[in-house]
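Worksheet for the structure shown next.
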Amino acid sequence: MNNTEPGMILGKTIYGYNYEVLLNKGVALTNAYINLLKNRGFVRIYVDDEETADIILEDPVSEKIRIMSTKDIFKTYQVTRSSIANIEADTAESIIKCINTPKVKKSFQESHAFKQLCNDINYFVDEIMNQDILSGLNSIKSFDNYTYEHSVDTAVISLLIGKRLFLEKDKMVQMTIGEFLHDIGKIFISERIINKPGKLTAEEFDMVKQHPTYGYELLKDIQRIGTTSAHIPYQHHERQDGAGYPRGLKGTNKLDKNGVAYTEQEKMIMIAEIAALADVYDACSSDRPYRPGLLPDFVYEIIKSGAGSQFNKELVDCFLSVVPKYPVGCEIKIKNGMYKDFTGVVSSLNIHELSKPKVRLIYDDKKKKINPIEIDSSSHSVCTEIECIR
């Protein structure tokens, strides 16, 4: 948003807190519109310009399905918050006891919002089944809506991995429900702590580390979603090396030949390992009140370097085959050769070599606009190295 100027054309529709349209795609931005978006917590937006008008930023799910799913998650959170509004509990034990009361359980499980979420998930899964790779996560998150939009984007990443692993649709549905609600345990923790812009104290972090347990306790008895769905909230902060939380489970760094079978109480299940990976990727990529989103190639390397210790090594290999290091539309700089320090955008992906996209150079090394130059970084005759700059 810092580089947004009046007169620029909005490239993607912006939605508000209740998913009403704030500004439609194609509108010319004014100072008033820019200030409105900044005040609503938007850090970046998409704009159209002549040099990149033909570059298509494909969302893995349609706008209709994305908004429907995000609303379903939002409403489910609202219902659950309402059910605990007048309950006082200040220890982990008392909160778990509160979650397991008939009032909270019934209001959650029998709410129209939760039932609607479960019913709508098939539409979401069906759309992802038509995709093979993630050209880029194109959702525009605001600070207010972050939790719900983050839940949708982690589900997108997880489903693309699940498709590559040939998981059956019923398992994909269970994974999606778990992903949509993987952070719902946070509603039982003070918003002052959850939204704290600075570093958490040790005591505050201990409180936050309980949210996977709270989410599991809320979902564990719901037969219609299956046991594995509840273990995504429970296990999405566990690590392969046992240094995760809340239980310090260890992984095998192997793909589960049984798919997503759940047979042991102390066993990490594969769809939760997928969720852990997707959660970190989207969280690192997203803008937060206390830091801007990290650059895509940097986040890619975080995931890659975490293979074997933080993330399931064989799952990381699968992740790298569906998520590009340089997403379509991201701004890049040339690091070597005759176009060194020229800048531009990723214009399209090479599906056979995701880390070597086609790029369109728009500015020279003096930051002067030029006639666009197309370069295929996968060409052996070019040997072009690139890096993301925004």
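Are any residues in segment 209-243 surrounded by fewer than 18 Cβ atoms within 10 Å (Cβ to Cβ), more than 21 Å from Cys118 (Cβ to Cβ) and either among the aliphatic types (A, V, I, L, M) or out of contact with any Ser or Thr (no Cβ under 9 Å at 6 or more places or on another chain) (or both), and if so, which ones?
Narrowing segment 209-243 to residues surrounded by fewer than 18 Cβ atoms within 10 Å (Cβ to Cβ): 209, 220-224, 227, 241-243.
Within this subset, residues satisfying the condition of being more than 21 Å from Cys118 (Cβ to Cβ) are 209, 241-243.
Lys209, Gly242, Ala243 - these are the residues of segment 209-243 that are surrounded by fewer than 18 Cβ atoms within 10 Å (Cβ to Cβ), more than 21 Å from Cys118 (Cβ to Cβ) and either among the aliphatic types (A, V, I, L, M) or out of contact with any Ser or Thr (no Cβ under 9 Å at 6 or more places or on another chain) (or both).
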Give the residue that is nearest to Ile56 (Cα to Cα), with candidates limited to residues of segment 289-322 that are touching a Gly at 6+ places or on another chain (Cβ under 9 Å) and assigned to a loop (DSSP other than H, G, I, E, B).
Pro289
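Hey, does segment 119-139 have a residue that's in contact with a Phe, Trp or Tyr (Cβ under 7 Å, 6 or more places away or on another chain) and assigned to a helix (DSSP H, G or I)?
Taking segment 119-139 first, the residues in contact with a Phe, Trp or Tyr (Cβ under 7 Å, 6 or more places away or on another chain) are none.
Checked segment 119-139: no residue is in contact with a Phe, Trp or Tyr (Cβ under 7 Å, 6 or more places away or on another chain) and assigned to a helix (DSSP H, G or I).
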Can you name every one of the strands (runs of 3 or more DSSP E) wholly within segment 327-390 that holds 3 or more residues which are surrounded by fewer than 17 Cβ atoms within 10 Å (Cβ to Cβ)?
369-376
Inside segment 22-46, the number of residues satisfying the requirement of being at pLDDT below 80, in contact with a strand residue (DSSP E or B) (Cβ under 9 Å, 6 or more places away or on another chain) and not in a loop (DSSP other than H, G, I, E, B) is 1
Segment 206-217 - residue that is within 22 Å of the chain's Cα centre (by Cα), in a helix (DSSP H, G or I) and of a type outside the set (Ser, Thr, Tyr) and, of those, nearest to Thr101 (Cα to Cα)
Gly215
Quick one: what pairs do we get from segment 342-371, first residue more than 20 Å from Leu295 (Cα to Cα), second among the aromatic types (Phe, Trp, Tyr) and surrounded by fewer than 21 Cβ atoms within 10 Å (Cβ to Cβ), C-beta under 7 Å, 6+ apart or different chains?
Lys369/Tyr363; Ile370/Tyr363
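The values are calculated or read from the model by the stated rules, or taken from the named source; none is laboratory data. Please read these numbers as outputs of a predicted model, since none were measured by experiment. Ideal geometry is used to build each Cβ from the backbone, glycine not excepted, and the neighbour counts take in all protein chains shown.
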